[in-house]
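Chemist: My questions all concern the structure below.
The values are calculated or read from the model by the stated rules, or taken from the named source; none is laboratory data. All of these numbers come straight from a predicted model, not from anything done at the bench. Here the Cβ positions follow ideal geometry from the backbone for every residue, glycine too, while neighbour counts run over all protein chains shown. Note: areas computed on protein heavy atoms with side chains; ligands, DNA, RNA excluded. Shrake-Rupley method; radii C 1.70, N 1.55, O 1.52, S 1.80 Å.
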Amino acid sequence: MIAKIKCPKCGVEGSFSLLESSYQGSYRCWKCRALFTIRLENNELKSCEPLSQEEFDRQQEIDALKAKFKQHG
Ligand SMILES: [Zn+2]
């Protein structure tokens, strides 16, 4: 599933592949490299907030941990 996300900073549209129709997490614009926390519901962008590099790194760590826990089920 591919969701289209328009970057609030530079206005460029990017595509984001989803495993489910809902998603909450980080997104990086391919053009201006701006980071955002996005929330998608039923393939629709519900919220998009600027994210700092520090917060992004932290989010990545959390996602990695989640993936780890999932593997061990
Ligand atoms: Zn952008």
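Chemist: Of all trypsin sites (Lys or Arg not before Pro) in the chain, which ones are in loop regions per DSSP and have a Cβ with at most 11 other Cβ atoms within 10 Å?
Modeler: The qualifying sites are Arg33.
Chemist: Give me the extension gain from Lys9 to Lys31: residue separation times 0.36 nm, minus the current Cα-Cα distance, reported in nm with one decimal.
Modeler: Taking Lys9 through Lys31 to full extension adds about 6.9 nm, to one decimal.
Chemist: Right, next: Please compute one quarter of the surface area of the Cα convex hull for the chain and express it in square nanometres.
Modeler: For the chain, the mean projected area of the Cα convex hull comes to 4.9 nm².
Chemist: Tell me the GluC sites (Glu not before Pro) within the chain that lie in a loop according to DSSP and have at most 14 other beta-carbon atoms within 10 Å.
Modeler: Answer by residue number: Glu20.
Chemist: Also, I was wondering about something else. Provide the per residue accessible area, probe 1.4 Å, for the chain, rounded to a whole number of square angstrom.
Modeler: On a per-residue basis, the chain sits at 75 Å².
Chemist: Sequence-distant or interchain residues sharing an amide H contact under 5 Å with Ala34, placed H: which?
Modeler: Cys29
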